[in-house]
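Engineer: Could you have a look at this structure, given as structure tokens, before my questions?
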């Protein structure tokens, strides 16, 4: 089997960071787009609870259920050969280690996921540790936490002062110490994104966290310029000027690999 067809593993992502190779990640919610992403060389595909907003038309990610996540993850899994499939544990599906493990087991067993993602820092340490003890790879998520949107009060950059930045870095180290294999860092200052990436041995995937992260992720529909015109500043429309969707996805992968994306205007 060639490298292009060999399934990418969790240790392979860590090796990419060690070699200084940027990691390209996109979301997907169905088999057709998953196949396009896989053929374009996307390294990991995230079935995010963002599907609530981009697929279901909800105002937030909060209405998404575990059943929704399993369904869409299973669809995406059918379209992938190489990319690592990561699936979100949705809102309130992981209040305890046991609940998290039960949900993660379903995402893996029924949804075909090979890693699960959850939001939060030190308060999730015991949950992350328990999942890892059950041999379930975990991706953490810090910065802007969509599942905490009512607590946060809106979608805005996080950790913008020294104290909150220090807390975020501590949380990142705690998640890594608990056994997380990957970290998504959303909507934080670019300098902080670079600092966290340097401090951790696990790959850090940024979304509005600057070019200093080990990789980048965007919501597929945002990357294709679909939906609302009121897009976050970290979004770039790769379909603009491209000959088609496949070309746009290839352009995104190339831009992440080369470091061209994100540019300074996409950060905080």
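Engineer: Within the bounds of region 156-166, is there any residue that is at negative phi, crowded, with 20+ Cβ neighbours inside 10 Å, touching a helix residue (DSSP H, G or I) at 6+ places or on another chain (Cβ under 8 Å) and in a strand (DSSP E or B)?
Structural biologist: Within region 156-166, the first condition is being at negative phi, and the residues that meet it are 156-158, 160-166.
Those still in the list that are crowded, with 20+ Cβ neighbours inside 10 Å too: 158.
Now drop any that are not touching a helix residue (DSSP H, G or I) at 6+ places or on another chain (Cβ under 8 Å), which leaves 158.
Then keep just the ones that are in a strand (DSSP E or B); that gives none.
Looking for residues that are at negative phi, crowded, with 20+ Cβ neighbours inside 10 Å, touching a helix residue (DSSP H, G or I) at 6+ places or on another chain (Cβ under 8 Å) and in a strand (DSSP E or B), one finds none in region 156-166, hence no.
Engineer: Would you point out which residue out of 84, 66, 89 is touching a helix residue (DSSP H, G or I) at 6+ places or on another chain (Cβ under 8 Å), under 15 Å from residue 140 (Cβ atoms) and at pLDDT 95 or above? Before the answer, list the steps.
Structural biologist: On the way: 84 fails: under 15 Å from residue 140 (Cβ atoms); 66 fails: under 15 Å from residue 140 (Cβ atoms).
Testing whether each residue is touching a helix residue (DSSP H, G or I) at 6+ places or on another chain (Cβ under 8 Å), under 15 Å from residue 140 (Cβ atoms) and at pLDDT 95 or above leaves just 89.
Engineer: I'm trying to understand the selection: among the residues of region 45-67, which are under 22 Å from residue 128 (Cα atoms) and without any contact (Cβ under 8 Å) to a residue 24 or more places away in the chain? Give the derivation first.
Structural biologist: Step one: filter region 45-67 for residues under 22 Å from residue 128 (Cα atoms), giving 45-50, 61-62, 64-67.
Across region 45-67, the qualifying residue is only 67.
Engineer: Next question. Could you list, in sequence order, all residues of region 177-198 that are in a helix (DSSP H, G or I) and touching a helix residue (DSSP H, G or I) at 6+ places or on another chain (Cβ under 6 Å)?
Structural biologist: Here is the first cut: in region 177-198, the ones in a helix (DSSP H, G or I) are 177-178, 190-198.
Within region 177-198, 178, 192, 196 meet the criteria.
Engineer: Return the residues of region 238-268 that are assigned to a loop (DSSP other than H, G, I, E, B), in contact with a helix residue (DSSP H, G or I) (Cβ under 7 Å, 6 or more places away or on another chain) and in contact (Cβ under 8 Å) with a residue 12 or more places away in the chain; say none if nothing qualifies.
Structural biologist: Taking region 238-268 and keeping what is assigned to a loop (DSSP other than H, G, I, E, B), we get 238-244, 259-263, 267-268.
Next, from what is left, pick out any that are in contact with a helix residue (DSSP H, G or I) (Cβ under 7 Å, 6 or more places away or on another chain): 238-239, 242, 261, 267-268.
Correct list: 238, 239, 261, 267, 268.
Engineer: In this structure, does residue 41 turn out to be modelled with pLDDT of 95 or more, touching a helix residue (DSSP H, G or I) at 6+ places or on another chain (Cβ under 7 Å) and surrounded by fewer than 20 Cβ atoms within 10 Å (Cβ to Cβ)?
Structural biologist: Working: modelled with pLDDT of 95 or more: yes; touching a helix residue (DSSP H, G or I) at 6+ places or on another chain (Cβ under 7 Å): yes; surrounded by fewer than 20 Cβ atoms within 10 Å (Cβ to Cβ): yes.
The answer is yes for residue 41.
Engineer: Let me ask something else. With the structure loaded, tell me whether residue 153 is out of contact with any strand residue (DSSP E or B) (no Cβ under 8 Å at 6 or more places or on another chain) and on the phi > 0 side of the Ramachandran plot or whether it fails that test. I'd like the intermediate steps shown before the answer.
Structural biologist: Values: out of contact with any strand residue (DSSP E or B) (no Cβ under 8 Å at 6 or more places or on another chain): yes; on the phi > 0 side of the Ramachandran plot: yes.
Answer is yes for this residue.
Engineer: Any idea which residue in region 108-125 is farthest from residue 142 (Cα to Cα), counting only those that are touching a residue at least 40 places away in the same chain (Cβ under 8 Å) and in contact with a helix residue (DSSP H, G or I) (Cβ under 6 Å, 6 or more places away or on another chain)?
Structural biologist: This residue is 110.
Engineer: Which members of region 216-233 meet the condition of being surrounded by fewer than 24 Cβ atoms within 10 Å (Cβ to Cβ) and either on the phi < 0 side of the Ramachandran plot or assigned to a strand (DSSP E or B) (or both)? Talk me through it step by step, then tell me what you get.
Structural biologist: Taking region 216-233 and keeping what is surrounded by fewer than 24 Cβ atoms within 10 Å (Cβ to Cβ), we get 219, 221-233.
Those that are surrounded by fewer than 24 Cβ atoms within 10 Å (Cβ to Cβ) and either on the phi < 0 side of the Ramachandran plot or assigned to a strand (DSSP E or B) (or both): 219, 221, 222, 223, 224, 226, 228, 229, 230, 231, 232, 233.
Engineer: Filter region 198-211 for residues that are within 24 Å of residue 137 (Cα to Cα) and surrounded by fewer than 24 Cβ atoms within 10 Å (Cβ to Cβ); which is nearest to the chain's Cα centre (by Cα)?
Structural biologist: 202
The values are calculated or read from the model by the stated rules, or taken from the named source; none is laboratory data. All figures in this text were calculated on a predicted structure; none of them were measured in a lab. With ideal geometry, Cβ positions are generated from the backbone for all residues, glycine too; neighbour counts draw on all protein chains shown.
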